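Asks: Just dropping this structure here.
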Amino acid sequence: EPIAKTEQILQELVPQFNSQDENDRHDLIHAAIVIACYHIDRWEMNYKYCYNKAHHYLGIATRLCHEYEKIALSDAMQYRAQINHNYGLLFTLINNWPKAEIYYSKSYNDRKSQAALYRNEESKSNLAETAINYADCLLHLNNYNAAIEYAKEAIKLYGSLLHLEYEYTYMDFYRAKQMLGSIYVKVPDKKEEGLRMLSECWQWAKTHSENKHQDI
């Protein structure tokens with residue numbers, strides 16, 4: 001029900017986007033992305049309905065972001081990276097890996113620029129998130145060399161964000177290591193190393209409650 005109300009409000013306010021103040025423009029773009037993510041997360045409930053809804057709201061977010069680029073390019077780049085990342089995720093759900101690769105590439109390039117510009121934890125984490133998904137996409141496209149490089153970058157980025165008092169950062173770190181191990185087992189001369197890495201990730205996952213979604 002809250003999502004339905006938000007969708008209705010969004011539809012009413014989108015035509016007035018250019019007349020809104022800066023904070024309201026941020027909220028509108030963010031709301032469109034959040035609604036798209038909501039439907040992506042509920043993919044298994046009704047995949048066709050959720051795909052169409054997610055695609056629709058990512059389209060709205062893209063149009064709003066294009067308008068916002070005219071007045072705040074850096075902020076728009078951040079939203080554009082989010083949108084493209086979620087487009088990539090959406091296409092992976094229908095196993096359209098070539099299309100997903102296009103969008104992950106766009107998101108990665110924007111987030112790389114953001115990380116170089118701001119050099120903060122959020123920008124590094126965002127870049128790592130796209131890098132690991134990009135690696136997974138390239139793995140499905142059998143582009144192992146490129147997949148290895150992006151997985152390594154994700155490990156490096158997440159490794160720089162580890163905090164003893166915040167164990168969820170370790171879940172991301174081991175998820176990235178799991179991805180690299182999964183790639184390595186596909187490469188004959190790296191298979192043993194890949195199995196070792198997967199074993200390490202498995203041992204960690206069994207003993208840490210924060211791995212609640214069994215990502216690892």
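The values are calculated or read from the model by the stated rules, or taken from the named source; none is laboratory data. In this text the structure is predicted, and so the values were computed from the model without any measurement. Cβ sites come from the backbone with ideal geometry, for glycine too, and all protein chains shown count toward neighbours. Each accessible area value is taken on the protein alone, full model and side chains, heavy atoms only, with ligands, DNA and RNA left out. Shrake-Rupley method; radii C 1.70, N 1.55, O 1.52, S 1.80 Å.
Asks: Among (1) surrounded by 15 or more Cβ atoms within 10 Å (Cβ to Cβ); (2) among the hydrophobic types (A, V, I, L, M, F, W, C); (3) over 18 Å from the mean Cα position of the chain (by Cα), there is one condition residue 195 misses while meeting the rest; what is its number?
Replies: Evaluating residue 195 over (1) surrounded by 15 or more Cβ atoms within 10 Å (Cβ to Cβ); (2) among the hydrophobic types (A, V, I, L, M, F, W, C); (3) over 18 Å from the mean Cα position of the chain (by Cα) leaves (1) as the failure.
Asks: Being touching a helix residue (DSSP H, G or I) at 6+ places or on another chain (Cβ under 6 Å), open to solvent by less than 40 Å² (accessible area, probe 1.4 Å) and not in a helix (DSSP H, G or I) is the filter here, so list the residues in segment 39-79 that pass it.
Replies: 43
Asks: Select from segment 1-47 the residues that are touching a residue at least 40 places away in the same chain (Cβ under 8 Å), closer than 25 Å to residue 74 by Cα and of a type outside the set (A, V, I, L, M, F, W, C) and list them in ascending order.
Replies: Answer for segment 1-47, where residues must be touching a residue at least 40 places away in the same chain (Cβ under 8 Å), closer than 25 Å to residue 74 by Cα and of a type outside the set (A, V, I, L, M, F, W, C): 18, 22, 25, 26, 30.
Asks: So, in segment 125-149, exactly how many residues are open to solvent by 50 Å² or more (accessible area, probe 1.4 Å) and among the hydroxyl-bearing types (Ser, Thr, Tyr)?
Replies: 1
Asks: While we're here: Checking the condition closer than 17 Å to residue 141 by Cβ and modelled with pLDDT of 95 or more, which residue from 87, 57 passes?
Replies: Within the list 87, 57, the selection yields 87.
Asks: For segment 165-193, enumerate the residues that are assigned to a helix (DSSP H, G or I) and either of a type in the set (Val, Ile, Thr) or in contact with a Lys or Arg (Cβ under 8 Å, 6 or more places away or on another chain) (or both).
Replies: Listed by number, the residues that qualify are 169, 180, 181, 183, 184.
Asks: Considering only segment 4-23, state which residues are of a type outside the set (A, V, I, L, M, F, W, C) and open to solvent by 60 Å² or more (accessible area, probe 1.4 Å).
Replies: Scanning segment 4-23 gives 5, 8, 11, 12, 15, 16, 18, 19, 21, 22, 23.
Asks: Also: In contact with a Cys (Cβ under 7 Å, 6 or more places away or on another chain), open to solvent by 30 Å² or more (accessible area, probe 1.4 Å) and charged (D, E, K, R): which single residue out of 200, 101, 122 fits that description?
Replies: It is 101.
Asks: Quick check on this structure: which one of 215, 136 is at pLDDT below 95, of a type outside the set (A, V, I, L, M) and closer than 24 Å to residue 90 by Cα?
Replies: 215
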